[in-house]
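Values in this text are rule-based calculations from the coordinates and carry no lab data. Bear in mind the structure is a predicted one, so any value in this text is a computation, not a measurement. Note that we place each Cβ from the backbone using ideal geometry, even for glycine, and neighbour counts take in every protein chain shown.
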Amino acid sequence: MTDRYDVAVIGGGPAGLSAALNLVRARRRVLLIDSNRPRNSATLLSHGYLTRDGISPLELRKLGRDEFLGYEGAEHRQTLATSVGPIDGGGFEVSCEFRGQQSTAVADVVLVTTGLAETLPDIAQLRAFYGTYIHSCIECDGYDKRDQPLALIGEHPDLVERALLLSQWTDDLIVFTHGSDVVSSADEAALAARGITVDRRRVTSIDGDRDGMRGVVLEDGTTVPRAGGFVRPEWSAALDYVAATGADLDDDGLLVVDGHGRTSVPGLYAAGESTAPGPQQLIVAAGDGARVAAVINRDLIGGLEHLADAVQ
């Protein structure tokens, strides 16, 4: 017989861990499902998380799992959720797979916190420097790149906005559009007024070695000296596993939720980057997980509105 849980939390990042911790403290039986393959695994240090500024993302996850597992009713499976589907009588069956091993679980409620997948531009050596000298989250890593000659590489319409934000930390910034036309002439003039240069040539490689990044190599062979920088990845939702629920998705392929984390399917909730475009800071995701956990707990006991009706 398959074990049944009050809540299955899919995704062991800050949103999922925060939700799982708060739910198990509410005396719920909680299953945390996580393959431990976080998008930010290449990042050596994460920042902006109160009391844990500068911690390794993997260490932060481990600390969170250990705290969660210290409670009665907590269970963790290192596995990958492959499908979530409704079952007769209510609830959901979650199918999982890890290294060829299949498993299932049944839960009254499922909380999705698996976030986003990212694809970096096809630039040689970019991956080698990603997470150390080149980052994607300006709010997370801008301070540590302060006063350095930086590159901003991207092919998306938000490149100008990101350049303006990054100018808060450096006055030596070059925006590389990688051959795209996402920066208009008017925007280029506005950036120039702030001392920001735009280079429209394609980037072929990142120059550097074990001692650090030296520059950005362009298609004509020019190497532009840079000490580090930021890249705008392509973000996508990895939510195929919830397709069987029929939950509504937005134009970005993310789960549509109300102001409380409820999807269009009763009993299916979402928190963190699975519900909003672009990356969130870790502490923001953790807060969202805690907020949705409180909603789930109330919904499982009938909700405050239901309780008020019962008293009357």
Query - the chain, relative contact order [Cα under 8 Å, separation at least 6], % - result: 21 percent
Query raised in the report: Once the other residues with Cβ under 11 Å from the Cβ of residue 256 are scored (Lys, Arg +1; Asp, Glu -1), what is the net sum?
Result: -4
Query raised in the report: Around residue 199, which amide H atoms from residues at least 5 apart in sequence, or from another chain, sit under 5 Å from its own amide H, with H modelled in the peptide plane?
Result: 175, 176, 177
Report summary line: So, over other residues within a Cβ distance under 11 Å of residue 113, counting Lys, Arg +1 and Asp, Glu -1, the net charge is -3
Report summary line: HN-Hα couplings for the range 123-137 via Karplus (6.51, -1.76, 1.60; θ = phi - 60°), in whole Hz with x for Gly/Pro, come out as 10, 4, 6, 5, 4, 5, 9, 6, x, 10, 10, 10, 10, 10, 9
Query raised in the report: So between residue 59 and residue 45, what do we pick up on full extension, going 0.36 nm a residue minus the alpha carbon distance?
Result: 4.1 nm
Requested in this report: Specify the angular offset, from 0 to 90 degrees and rounded to the nearest 10, of the alpha carbon long axis of helix 14-25 from the longest principal axis of the alpha carbons in the chain.
Outcome: 20 degrees
Report task. Could you line up 27, 162 from fewest to most neighbouring Cβ atoms inside 10 Å? Result -> 27, 162
Requested in this report: Positive end of the charge dipole of the range 121-231 (Lys, Arg +1 and Asp, Glu -1 on Cβ, about the Cα centre): tell me which of 129, 218, 151 has its Cα farthest that way.
Outcome: 129
Query - Answer label, with Rg and Dmax of the Cα atoms in Å calculated from the coordinates and candidates (i) 18.3, 61; (ii) 24.3, 78; (iii) 21.9, 77 - result: (iii)
Report task. Could you pull out every residue, at least 5 positions away or on a different chain, whose amide H is within less than 5 Å of the one on residue 46? Hs are placed 1.01 Å off N in the peptide plane, and Pro or chain starts have none. Result -> 54, 55, 56
Query raised in the report: Can you run phi through the Karplus equation (6.51, -1.76, 1.60; θ = phi - 60°) for the range 283-298 and list ³J(HN,Hα) in whole Hz, with x for Gly and Pro?
Result: 5, 5, 4, 4, x, 5, x, 5, 5, 5, 4, 5, 5, 4, 4, 5
Query raised in the report: For the range 78-133, what is the Kirkwood hydrodynamic radius in Å, using each pair of distinct C-alpha atoms?
Result: 14.4 Å
Query raised in the report: With a sphere of radius 13 Å drawn around the Cβ of residue 178, what net charge do the other residues whose Cβ falls strictly inside it have (Lys, Arg +1; Asp, Glu -1)?
Result: -2
**Report entry** Estimated D of the range 162-307 in µm² per second, where Rh is the Kirkwood radius over Cα pairs and Stokes-Einstein applies at 10 °C, 1.306 mPa s
**Finding:** 83 µm²/s
Report task. Considering the options 106, 55, 81, tell which one lies farthest towards the positive end of the dipole of the chain, charges being +1 on Lys and Arg and -1 on Asp and Glu at the Cβ, about the Cα centre. Result -> 55
Query raised in the report: Residue by residue through the range 215-230, which ³J(HN,Hα) values in whole Hz follow from phi under the Karplus form 6.51 cos²θ - 1.76 cosθ + 1.60 (θ = phi - 60°), with glycine and proline marked x?
Result: x, 10, 9, 9, 5, 8, x, 5, 10, 9, x, 8, 8, x, x, 9
Report task. Report, in debye and to the nearest 20, how large the dipole of the chain comes out about its Cα centre when Lys and Arg carry +1 and Asp and Glu carry -1 on their Cβ. Result -> 860 debye
Query raised in the report: Got the relative contact order for the range 121-231 handy, in percent, Cα pairs under 8 Å and 6 or more residues apart?
Result: 32 percent
